[in-house]
Amino acid sequence: MTQPTFLLYGHGGSGNRGCEAIVRGTAALLAEACPGARVALCSERPQSDAALLGAGVSRVTPSAMSPRSLDRVLASVGYRLSGDRDAYLARTQTPVLRAARRAAVCLSIGGDTYCYHPPASLYAVNRRLRARGKPTALWGCSVDPERLTGELLEDLKRYTALFARESITYQAMLDAGLSPTRAADPAFALAAETVDAPPGFVPGNTVGINVSPLALGHAKAGAGALGALNAIEALIRHILKTTDCAVALTSHVRWRHDDDMQPLGALAEVFLSEPRVLTLDPEFTAPQIKGLIARMRCLVAARTHASIAAYSTAVPALVLGYSVKARGIARDLYGREEGHVLPVQELASEAELIAAFDGLLAREQAERALLRDQAPKQLELARAAADTVAAWAQDWRAARP
């Protein structure tokens, strides 16, 4: 019997360990829900995804035509002549549309793609896949409520299903007249990998620090990115002074335009002579980073998927959040955002960050107990979503001659 293929697209590449975690978690969920099915991946940076071929993904191809290819040049010429931008964007995404021919189900997995610039290429792809009768899902997504208008809203209506990974997005979609399914981020299903702890890492007594250029770019206008980075430096000094913890600078994204090692490298230089401050190898994969986070005492993180690695292994986390996904996931786990998400765009002082961290340590045992109770519920929501799309694949298989 022909085995169905799930096509994952909208993937930015595994240089972002959060993107990697979504692919690996999704592949694990689909393998459980639909044994024997294949998972194909279209990636913006396929050269970064070689390791995924041994992690439940059967094929990795580019998302878009090369800018220097003849087809891309011809598409550009056609756009200049016709002015049809949607047709041009669809042409650039030919690899996705071609891969979809062999797929039973197509999952757009860029969880927060609809939170930033209008994803016009995804509009073009979704329009054509639905015209072919392909089931499509916006998988484990977050969308800012104020963006649920116009062309974006019309595109969301085209999807066969919308799987909202947190309650803020879910409610906003309901309010906009959509019919979302309450799900969870598939990274909750990512398996942690145990690696040797690096020198200076103290299992159970290491505080992870994750900082991102993206979060710093949202810092309060008065303080700016430099002020936010200074607050994090002050926090590290506070940790060294008031605890016996080690501090692990933890990268989660290594993209040229958005590299966590930029701010983390600056912090490493400041604490170069401090033996209790170490930098985790930025080449660690998402499962390896999760394995190390699982052995931390707590985590202060700007990246949502670094925080999910902590949440799902019952490690208390303080999120320097700037997005609906950070707020929504914390609200679903804890019942509230206060004390768990410190919006970096509202960060007013070093003292505010230090006080939030001290509050995290004061709640440490209670937080661990709560996460042990709540994180498995998120995993069950993710499994239920996978069961839904697996049923679509079973219908496809039943229709095969």
Can you tell me which residue in segment 171-220 is nearest to R276 (Cα to Cα), limited to those that are in contact (Cβ under 8 Å) with a residue 40 or more places away in the chain and of a type in the set (S, T, Y)?
-> T206
In segment 1-103, which strands (runs of 3 or more DSSP E) lie fully inside it and hold 1 or more residues that are surrounded by fewer than 18 Cβ atoms within 10 Å (Cβ to Cβ)?
-> 59-62
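Taking A191 as the residue in question, decide whether it is within 20 Å of E20 (Cα to Cα) and crowded, with 23+ Cβ neighbours inside 10 Å. Give the derivation first.
Details: within 20 Å of E20 (Cα to Cα): yes; crowded, with 23+ Cβ neighbours inside 10 Å: no.
So A191 does not fit the description; no.
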Among (1) surrounded by 18 or more Cβ atoms within 10 Å (Cβ to Cβ); (2) modelled with pLDDT under 95, I236 falls short only on (2)
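Could you list all residues from segment 157-187 that are assigned to a helix (DSSP H, G or I), of a type outside the set (S, T, Y) and out of contact with any Pro (no Cβ under 9 Å at 6 or more places or on another chain)? Spell out the reasoning first.
Filtering segment 157-187 for residues assigned to a helix (DSSP H, G or I) gives 157-158, 167-175, 186-187.
Now restrict to residues that are of a type outside the set (S, T, Y): 157-158, 168, 171-175, 186-187.
Residues satisfying the conditions are K157, R158, P186, A187.
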Look at segment 360-379 and say how many of its residues are in contact with a Cys (Cβ under 7 Å, 6 or more places away or on another chain) and within 15 Å of A184 (Cα to Cα).
-> 0
Exactly one of (1) within 20 Å of E233 (Cα to Cα); (2) small (G, A, S); (3) part of a helix (DSSP H, G or I) is unmet by G328. Its number?
-> (1)
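Would a scan of segment 119-127 turn up a residue that is hydroxyl-bearing (S, T, Y), surrounded by 17 or more Cβ atoms within 10 Å (Cβ to Cβ), under 29 Å from L29 (Cα atoms) and touching a residue at least 24 places away in the same chain (Cβ under 8 Å)?
If we filter segment 119-127 for residues that are hydroxyl-bearing (S, T, Y), which is where we start, we get 121, 123.
In the following step, the residues that additionally are surrounded by 17 or more Cβ atoms within 10 Å (Cβ to Cβ) were identified as 121, 123.
This time we only want the ones that are under 29 Å from L29 (Cα atoms), so: 121, 123.
Filter once more, keeping what is touching a residue at least 24 places away in the same chain (Cβ under 8 Å): 121, 123.
Within segment 119-127 (the criterion being hydroxyl-bearing (S, T, Y), surrounded by 17 or more Cβ atoms within 10 Å (Cβ to Cβ), under 29 Å from L29 (Cα atoms) and touching a residue at least 24 places away in the same chain (Cβ under 8 Å)), the answer is yes, since at least one residue qualifies.
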By residue number, the members of segment 60-96 that are in contact (Cβ under 8 Å) with a residue 24 or more places away in the chain, within 24 Å of A21 (Cα to Cα) and either among the acidic types (D, E) or in contact with a helix residue (DSSP H, G or I) (Cβ under 8 Å, 6 or more places away or on another chain) (or both) are T61, P62, S63, A64, Q93, V96
Report yes if T113 is touching a Leu at 6+ places or on another chain (Cβ under 7 Å) and either crowded, with 19+ Cβ neighbours inside 10 Å or in the same structural domain as C19 (by TED's automatic domain parsing) (or both), otherwise no.
-> yes
Restricting attention to segment 78-106, which residues are within 30 Å of D395 (Cβ to Cβ) and polar (S, T, N, Q)?
-> Q93, T94
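Here's the yes/no breakdown for (1) over 21 Å from R38 (Cα atoms); (2) modelled with pLDDT of 95 or more:
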residue	(1), (2)
V73	yes, no
S108	no, yes
Y123	yes, yes
T136	no, yes
A161	no, yes
Conditions (1) under 26 Å from A351 (Cα atoms); (2) surrounded by fewer than 20 Cβ atoms within 10 Å (Cβ to Cβ): number failed by D259 | (1)
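May I ask you to say which residue of G208, G204 is of a type outside the set (S, T, N, Q) and on the phi > 0 side of the Ramachandran plot? I'd like the intermediate steps shown before the answer.
Details: G208 fails: on the phi > 0 side of the Ramachandran plot.
So the residue among G208, G204 that is of a type outside the set (S, T, N, Q) and on the phi > 0 side of the Ramachandran plot is G204.
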Over segment 319-339, the set of residues buried (at least 24 other Cβ atoms within 10 Å of the Cβ), more than 16 Å from A369 (Cα to Cα) and in contact with a strand residue (DSSP E or B) (Cβ under 6 Å, 6 or more places away or on another chain) is V319, G321, A326
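Could you check how many residues of segment 346-385 are in a helix (DSSP H, G or I), more than 23 Å from the chain's Cα centre (by Cα) and polar (S, T, N, Q)? Outline the logic, then answer.
So in segment 346-385, the residues in a helix (DSSP H, G or I) come out as 346, 350-362, 364-385.
Next, only the ones that are more than 23 Å from the chain's Cα centre (by Cα) stay: 350-362, 364-366, 369.
Add one more test, that the residue is polar (S, T, N, Q), and what stays is 365.
The qualifying residues number 1.
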Would you tally the residues in segment 104-150 being of a type in the set (S, T, N, Q), within 19 Å of S43 (Cβ to Cβ) and not in a strand (DSSP E or B)?
-> 3
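The values are calculated or read from the model by the stated rules, or taken from the named source; none is laboratory data. What you are looking at is a predicted structure, and each value in this text was computed from that prediction instead of being measured. As a convention, Cβ positions derive from the backbone with ideal geometry for all residues, glycine included, and neighbour counts pool all protein chains shown.
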